[in-house]
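Novice: For reference, the structure I am asking about is given below.
The values are calculated or read from the model by the stated rules, or taken from the named source; none is laboratory data. Note that the coordinates shown come from a computational prediction; the quantities given were computed from them, not determined experimentally. Neighbour counts are summed over all protein chains in view; Cβ atoms, including those assigned to glycine, are modelled from backbone coordinates with ideal geometry.
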Amino acid sequence: MPATGYALEKALKRYFGYDRFRPLQQEIVENALANQDVVVIMPTGGGKSLCFQLPALLKSGLTVVVSPLIALMQDQVESLRNNGIPATFLNSTLSRTAQRSREQAILEKKVKLLYMAPERLVGEPFLQFLDLIQHEIGIAGFVIDEAHCISAWGHDFRPEYRQLQILRQRYPQVPIMALTATATPRVRQDISQQLTLQNPQVHVASFNRPNLYYEVRHQNRNSYNELLQIIRQEGGSGIVYCLSRRQVDELAEQLRNDGISALPYHAGMTDEDRRQNQTRFIRDEISVIVATVAFGMGIDKPDVRFVIHYNLPRNLESYYQESGRAGRDGEPARCTLFYSYRDIKTIEYFIDQKPDPDDQRIARQQLRRVVDYAEGTDCRRSIQLSYFGESFPGNCNGCDNCCYPKPVEDWTIEAQKFLSCVARCKQRFGSNHIIDVLRGSKKEKVRRNGHDRLSTHGIGKDKSKEEWRLLARSLIHQGLLEETTDGYSVLKLNQASWEVMRKQRSVFVVVPKEEKVAASVQSSEAREAGERLLQELRSLRKTIASEESIPPYMVFPDSTLRLMAQKQPQTTEEFGELSGVGEYKRQKYGDRFLAVLRAHKQSQASQKPKNRTPNTSSTHEITLELHRQGLSVADIARERNFKESTIADHLAKLLAAGYDVDLNRLISPERQKAILHAVDVLGVSFMKPIYEYLQHQYTYNEIRWVMSWYSSQRSPKQSS
């Protein structure tokens, strides 16, 4: 078992293609290899999965992973297999024969990672199978993904997660790793207690996502036009969250009418419709998914460029996780929240439907915090991170409040009044009560507690309730005042509070005047010189993904394609050195990507035509000219010293762009007809189902050429 950092980095490169660990990953892996219980709090896109996947490959025995959603576990298993890693899942989608086959593979040590739903894992039939696994091959560890689901204080509590306590009782020596992207200090403690973890190593990564830009806009009559502008400006894939199913359907239809490829996703749809829409989004067939919060943990797409909340979310944890679906690849992305007071009333109605008064109390406090965020005038990151117990100095240069600051005023005297009132009320009340006392209220609660006789009673009549609320929020966000998180809003003084009251510290508050909508922010990163090459690499990735019926990002993420375009490796060894290229993918995909890279370099070195059409590069034009001269695919490949598969890719792209390629010379009309019939029958845009439907009697090149020609008939042709 690798023990040194060097050995771990070699394993990291071999299995996942990365040269170095991200922050905390190596420490967590080392804890897991030492069979310690571990709690990992790491934001979306921070690399949580690798923290348990790498130890699973290096330890003997089977690692069992608890995952809450079937779609999520299937995506993760597919991604692992595409890296050459032996993983599988057991869930209700499998036939009994398939399940027995996978169970046998586990006992034969052909599987290293097994994904399960919590309720299935703790059922007695499977527990008996686990006993057999422990006896025959050993259980390396249990992994509880989305561990916040075990806590009633988490934003997505699931009672079935509580049953996981049985794992420690039944297998006391097997280590447990619990992971989640969002957890307050209270939720972290609850996770450890509920799972009966033994002296767990707790790793909390920074919740800061510097590549995300945050902004809040007030809902108004022009909000839809603003939404449309953001979608068109940002481009790429995006998610729009709404509160109601009806709004999801209406907004998706409205976007389609305005030329945006958008589909809905909500719990009122059939499972099959939801699955199809999600698959089309993940595989880049549509650009926008409009969804309720039902579209949550099941999404695993790294290149989402924007997440828009068209309504107020119910709590900050949900907002952090949902907005965190953007930019998981580390590239710049945008998070926009539209906010209206009507949303507050809608959420309060949902809260009132909860049967448990304690649940209502917790939900109302969570709503209060997200309203504070929406109305906040301080740095958005400071507000978010303080909620998770992390301090941030502000001035992030990545949110509307920092990029478009509002006027700042010295409110030190007002802060001294407010904090003094908190102290005189013995730190036992929330901000609303403190404001009532400051404004001289005669409410029964004020009189009952004798607070109408305090020296601070009525000293704040010169400020409105909203101004005092603004100050209270700002004091909390700046760390000058604390608020309890146990479901009751109670203000507590800290050392900084006393410094303000002793005139040792000044307080400045951002005071909004006339509200202006923040101008759109675009990525400051300049487009790379090799953008044309990058598009060719993306085109090849899409072709491969279509052949294998997998999402494009499972072939290579955008970050790896950009590295290819920047470094332009020309040998297999150079290709394997790229971050994100492991041994398995180097062998599987290396030749095809290297062919594109070599062709690009060859075309750059030669004299390039000056007048090029926007949809093809010079290397494609050379192939087109040789094709028009009557050369076959094999002849063109020999002439250009390329592989035939590269020339086939060129011709497919030319066909899709509508160029004058003689399809009848590539494939006979009879075979074209058979492929088109399969397309009509299956109604799909992936090659693998068509290949199987035609019983492997047609090559992928033939299928690709016909489908490319077919797609070109729906759009205007390029001039040849």
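Novice: In the stretch 452-478, how many residues are farther than 25 Å from Gln384 by Cβ and either among the aromatic types (Phe, Trp, Tyr) or buried (at least 22 other Cβ atoms within 10 Å of the Cβ) (or both)?
Specialist: 1
Novice: Only residues that are touching a residue at least 60 places away in the same chain (Cβ under 8 Å) and farther than 17 Å from Ser391 by Cα: list them for the stretch 196-208, please.
Specialist: Leu197, Gln198, Asn199, Pro200, Gln201, Val202
Novice: Being over 18 Å from Ile544 (Cα atoms), of a type in the set (A, V, I, L, M), at pLDDT 80 or above and touching a helix residue (DSSP H, G or I) at 6+ places or on another chain (Cβ under 6 Å) is true for just one of Ile622, Ile675, Ile690, Ile647. Which residue is that?
Specialist: On inspection, the qualifying residue turns out to be Ile675.
Novice: Which helices (runs of 4 or more DSSP H) does the stretch 633-685 wholly contain that include 3 or more residues that are surrounded by 15 or more Cβ atoms within 10 Å (Cβ to Cβ)?
Specialist: In the stretch 633-685, the matching helices (runs of 4 or more DSSP H) lie at 633-640, 644-656, 669-682.
Residues are listed down the side, and each one gets a yes or a no for (1) closer than 18 Å to Gly235 by Cα; (2) surrounded by fewer than 22 Cβ atoms within 10 Å (Cβ to Cβ); (3) assigned by TED's automatic domain parsing to the domain that holds Ser223; (4) among the aromatic types (Phe, Trp, Tyr):
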{"residue": "Pro264", "(1), (2), (3), (4)": "no, no, yes, no"}
{"residue": "Ala267", "(1), (2), (3), (4)": "no, yes, yes, no"}
{"residue": "Asp273", "(1), (2), (3), (4)": "no, yes, yes, no"}
{"residue": "Lys301", "(1), (2), (3), (4)": "yes, yes, yes, no"}
{"residue": "Arg314", "(1), (2), (3), (4)": "no, yes, yes, no"}
{"residue": "Ala326", "(1), (2), (3), (4)": "yes, no, yes, no"}
{"residue": "Gly330", "(1), (2), (3), (4)": "yes, yes, yes, no"}
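Novice: Looking at this structure, is Arg245 in contact with a Ser or Thr (Cβ under 7 Å, 6 or more places away or on another chain) and surrounded by fewer than 22 Cβ atoms within 10 Å (Cβ to Cβ)?
Specialist: Against the criterion (in contact with a Ser or Thr (Cβ under 7 Å, 6 or more places away or on another chain) and surrounded by fewer than 22 Cβ atoms within 10 Å (Cβ to Cβ)), Arg245 qualifies.
Novice: Does at least one position in the stretch 65-85 carry a residue that is more than 22 Å from Ser49 (Cβ to Cβ), without any contact (Cβ under 8 Å) to a residue 60 or more places away in the chain and surrounded by fewer than 21 Cβ atoms within 10 Å (Cβ to Cβ)?
Specialist: No.
Novice: Still on this model: May I ask you to verify whether Leu263 is farther than 28 Å from Glu78 by Cβ, touching a strand residue (DSSP E or B) at 6+ places or on another chain (Cβ under 8 Å), among the hydrophobic types (A, V, I, L, M, F, W, C) and modelled with pLDDT of 90 or more?
Specialist: So Leu263 fails the test.
Novice: Looking at the stretch 377-390, which of its residues are in a loop (DSSP other than H, G, I, E, B) and out of contact with any Ser or Thr (no Cβ under 8 Å at 6 or more places or on another chain)?
Specialist: Cys379
Here's the yes/no breakdown for (1) at pLDDT below 90; (2) on the phi < 0 side of the Ramachandran plot; (3) in contact with a Phe, Trp or Tyr (Cβ under 9 Å, 6 or more places away or on another chain):
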residue: Asn222; (1), (2), (3): yes, yes, no
residue: Glu250; (1), (2), (3): no, yes, no
residue: Ile286; (1), (2), (3): no, yes, no
residue: Ile289; (1), (2), (3): no, yes, yes
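Novice: Restricting to the stretch 348-378, and then to whatever is farther than 25 Å from Val187 by Cα and of a type outside the set (Ser, Thr, Tyr), can you tell me which residue is surrounded by the fewest Cβ atoms within 10 Å (Cβ to Cβ)?
Specialist: Glu375
Novice: Inside the stretch 333-374, can you point out the residues that are under 25 Å from Leu228 (Cβ atoms) and not aliphatic (A, V, I, L, M)?
Specialist: Matches in the stretch 333-374: Arg334, Cys335, Thr336, Phe338, Tyr339, Ser340, Tyr341, Arg342, Asp343, Thr346, Tyr373.
Novice: Determine whether the stretch 282-297 contains at least one residue that is within 21 Å of Pro552 (Cα to Cα), in contact with a helix residue (DSSP H, G or I) (Cβ under 9 Å, 6 or more places away or on another chain) and of a type in the set (Ser, Thr, Tyr).
Specialist: Yes, the stretch 282-297 contains at least one residue that is within 21 Å of Pro552 (Cα to Cα), in contact with a helix residue (DSSP H, G or I) (Cβ under 9 Å, 6 or more places away or on another chain) and of a type in the set (Ser, Thr, Tyr).
Novice: Pick out the one residue from Glu317, Glu348, Glu322 that is part of a helix (DSSP H, G or I) and in contact with a strand residue (DSSP E or B) (Cβ under 8 Å, 6 or more places away or on another chain).
Specialist: Glu322 is the lone residue from the list that is part of a helix (DSSP H, G or I) and in contact with a strand residue (DSSP E or B) (Cβ under 8 Å, 6 or more places away or on another chain).
Novice: Next question. Among the residues that make up the stretch 455-468, is at least one of them among the β-branched types (Val, Ile, Thr) and in a loop (DSSP other than H, G, I, E, B)?
Specialist: Scanning the stretch 455-468, I find at least one residue that is among the β-branched types (Val, Ile, Thr) and in a loop (DSSP other than H, G, I, E, B), so the answer is yes.
Novice: When only residues in the stretch 150-182 that are of a type in the set (A, V, I, L, M, F, W, C), out of contact with any Cys (no Cβ under 8 Å at 6 or more places or on another chain) and modelled with pLDDT under 75 count, which is surrounded by the most Cβ atoms within 10 Å (Cβ to Cβ)?
Specialist: The extreme case among them is Trp153.
Novice: If you don't mind, another one. Only residues that are modelled with pLDDT of 90 or more and either within 23 Å of Arg325 (Cα to Cα) or surrounded by fewer than 20 Cβ atoms within 10 Å (Cβ to Cβ) (or both): list them for the stretch 194-205, please.
Specialist: Gln194, Thr196, Gln198, Asn199, Gln201, Val202, His203
Novice: Another question, then. Out of curiosity, is Lys717 over 22 Å from Leu631 (Cα atoms), surrounded by fewer than 18 Cβ atoms within 10 Å (Cβ to Cβ) and modelled with pLDDT of 85 or more?
Specialist: For Lys717, the condition - over 22 Å from Leu631 (Cα atoms), surrounded by fewer than 18 Cβ atoms within 10 Å (Cβ to Cβ) and modelled with pLDDT of 85 or more - is not met.
Novice: Could I ask something else about it? Among the residues of the stretch 301-318, write down those that are aromatic (Phe, Trp, Tyr) and under 12 Å from the mean Cα position of the chain (by Cα).
Specialist: Phe306
Novice: For the stretch 146-168, state whether one or more residues are farther than 30 Å from Lys354 by Cα and of a type in the set (S, T, N, Q).
Specialist: Checking the stretch 146-168: not a single residue is farther than 30 Å from Lys354 by Cα and of a type in the set (S, T, N, Q).
Novice: Quick test of your reading of the structure: Val509 fulfils all but one of (1) assigned by TED's automatic domain parsing to the domain that holds Arg428; (2) crowded, with 18+ Cβ neighbours inside 10 Å; (3) at pLDDT below 85. Name the failing condition by number.
Specialist: Of (1) assigned by TED's automatic domain parsing to the domain that holds Arg428; (2) crowded, with 18+ Cβ neighbours inside 10 Å; (3) at pLDDT below 85, only one is false for Val509: (1).
Novice: Next question. Among the candidates Arg527, Arg541, single out the residue that is at pLDDT 80 or above, out of contact with any Gly (no Cβ under 6 Å at 6 or more places or on another chain) and not assigned by TED's automatic domain parsing to the domain that holds Ala326.
Specialist: Arg541
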